[in-house]
Amino acid sequence: MTEPIPPTPTSPGIVLADDAVLLREGVRSLLEDEGMEVLASVGDGEQLLDAVRRHRPGLAIVDVRMPPTHSDEGLVAALAIKREMPEVGVLMLSQHVAREYATELLGAETTGIGYLLKDRITEIDGFLDAVRRVSGGGTVIDPAVVRALLRAPDQRRAVGRLSPRELEVLEAMAEGLSNRGIAERLFLSVSTVEKAGSAIFDKLDLAGEEQSSRRVLAVLRYLES
């Protein structure tokens, strides 16, 4: 078993991992045009781990499915990164909504995590915002993934005590929006969002948790099966 590497300061740079060369180089070009440094660009999970261990980037952008089996090699590598180097942000990219991948990744680590569909790359401003937020320790979940999770029967039961407004707030929270961002999206005051958040924590039995962790626990309670 690989021993965890002691925490060290991360570089502000990025490591890319995707076996589709054209997509990978397109993302590299986009990031570099925005003044971001791409430290390495690789095509499989083993190379990804080697590059992250060597460079200690601020962020790894990782395709879920990579060689040799094109199943979950990227996810496995991402989980290894968060175990060994939790300070490194991980932004997963997937061709399709994969509920189990999102819940496993989010359950492993609660800071510096993102899960986006690859289609979002073409929404350049939103993609770059996700890159910056995950690099800064935030959580970003693709709205399509959130909607898929919300439709699952077990999730409807888990959040059945929440009002429609509280569900809207929690869905936006799961996408990684701040209270101010939620207020702007839903045309509410920040104080109204804060009150809805308190009600969510109470109804999900999180009132006794530390303030800093309740938001993350609420999102995980919302996503977990």
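Things to note:
- Residue that is closer than 19 Å to Gly126 by Cβ, among the acidic types (Asp, Glu) and open to solvent by 20 Å² or more (accessible area, probe 1.4 Å), where the choices are Asp50, Asp33: Asp33
- The set of residues in segment 157-166 being at pLDDT 85 or above and part of a helix (DSSP H, G or I) consists of Pro164, Arg165, Glu166.
- Leu91 vs. criteria assigned to a helix (DSSP H, G or I), at pLDDT 90 or above and open to solvent by less than 10 Å² (accessible area, probe 1.4 Å): no
- Count - residues of segment 65-84 that are basic (Lys, Arg) and outside any helix (DSSP H, G or I): 1
- For beta carbons closer than 9 Å, sequence separation of 6+ or different chains, a first residue in segment 175-192 that is without any contact (Cβ under 8 Å) to a residue 12 or more places away in the chain and a second that is basic (Lys, Arg) and open to solvent by 40 Å² or more (accessible area, probe 1.4 Å), the qualifying pairs are Leu177/Arg185; Leu188/Arg165; Val190/Arg180; Thr192/Arg165.
The values are calculated or read from the model by the stated rules, or taken from the named source; none is laboratory data. Everything quoted here is computed from the prediction, not taken from an experiment. So basically every Cβ, Gly included, is an ideal-geometry build from the backbone, and we count neighbours across all protein chains shown. Surface accessibility is based on the protein's heavy atoms, side chains included, excluding ligands, DNA and RNA. Shrake-Rupley method; radii C 1.70, N 1.55, O 1.52, S 1.80 Å.
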